[in-house]
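A.B. asks: Pasting a structure below so you can have a look.
Computed from the coordinates by the stated procedures, all read-outs in this text should not be read as laboratory data. Predicted, not measured: the structure shown is a model, and the values here were computed from it. Glycine gets a Cβ as well: all are built from the backbone with ideal geometry, and neighbour counts include every protein chain shown.
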Amino acid sequence: MTPNDKPTRSEQREAARDKARELRKESAKKEKRNRLLLQVSVVLVTLGIIGGIGAVVLLDAANRADAPIVGETPDNLTDLGGLKIGVGLQAFTLSNTPTPDAAEQTPKIEIYVDYQCPICQAFDVPNSSQIRSWADVGAATVEIRPISFLDRASLNAYSSRAANAAFCVANFEPDSFYDLHELLMANQPEEGTQGHDDDQLFAFAEEAGAGTEEVKGCIQAKSFGDYIEQHTQAVLSSPQNGVSVTGTPTILVNDRQYTWATGDDLVSAERFAQFVQLATAE
């Protein structure tokens, strides 16, 4: 065919078909390439998001104290949910019995407390030093049984958080428990106010000699929150060793309940000492 030859109509139709096939092939290749690019982009974006989330989670975790692994019930407690203190203000634990066998003849003081309870504070402040001295020299044992039903009396659920702090120390640093108990009572926030935050609760624990990372993590995580709720319900709903606990403080000496008729009776250290003597003599 020479340049001057014109293609026939049939040849023109065939050429058009060939051109259309080429265009369809190019279009298919381009579409396939675009789909592949889109898929790669989605994967990269997803990886970036996941990586970013992972970085945020890791950063957040790095800024928080590790919550220690704890059991459902704090270690070192008695069957009735208290920590028992003996000579040298040491706690009774599975591995330590701080009083001699003769302790069976010493007064046994047991106190149910809520760390937001103002009546508990009214009793504790004038009586704590003599109770402390009795336990220190082995003249008595004292068992503190924290419960929590007064979260409504503060703006930040102080009652249960303070009880949790006490149980954290009982679990990890039991010999510092009584010192923390006294600090919580002496520094009780007024009802209807913002109670101490977790940092301040840990500061009290540090002052009591229990400033460990385990205690800090336990306080921040409120590790014993479920136990406190269940234990409090059990205490208030059924007799404890034959005693109905209807409020705090509930104070027992050798299983005899200490009562008071007036505020003066409540805050009288002399009157309580006399009751301890009478209960021990029986």
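A.B. asks: Can you give the Rg and Dmax of segment 83-281 based on its C-alpha atoms, in angstrom?
C.D. replies: Calculated on Cα positions, Rg and Dmax stand at 16.1, 46 Å.
A.B. asks: Taking neighbour Cβ counts within 10 Å as the exposure measure, how do 243, 215, 276 sort from fewest upward? Present the calculation step by step, with values, prior to reporting the outcome.
C.D. replies: Working: 243 16, 215 25, 276 22.
The fewest-first ordering by Cβ neighbours comes to 243, 276, 215.
A.B. asks: 7 Å from Cα along Cα→Cβ at both residue 244 and residue 187: what's the point-to-point distance in nm?
C.D. replies: 3.8
A.B. asks: Could you tell me the calculated FRET efficiency between residue 152 and residue 73, based on Cβ-Cβ distance and R0 = 35 angstrom, to the nearest 0.05? Mind showing how you got there, number by number?
C.D. replies: Values: r = 25 Å, r/R0 = 0.72.
With a Förster radius of 35 Å, E is 0.90.
A.B. asks: Just to be sure I follow: if Rg is taken over the C-alpha atoms of segment 212-282 and Rh is the Kirkwood radius over the same atoms, what is Rg/Rh?
C.D. replies: Numbers: Rg = 16.9 Å, Rh = 15.0 Å.
With Rg and the Kirkwood Rh in hand, the quotient comes to 1.13.
A.B. asks: Cut-off is 10 Å between beta-carbons; in what order do 214, 110 appear when sorted fewest neighbours first?
C.D. replies: The fewest-first ordering by Cβ neighbours comes to 214, 110.
A.B. asks: Return 204, 167 ranked ascending by Cβ neighbour count within 10 Å, so the fewest neighbours appear first.
C.D. replies: On the way: 204 24, 167 28.
Ordered from fewest to most neighbouring Cβ atoms within 10 Å, 204, 167 come out as 204, 167.
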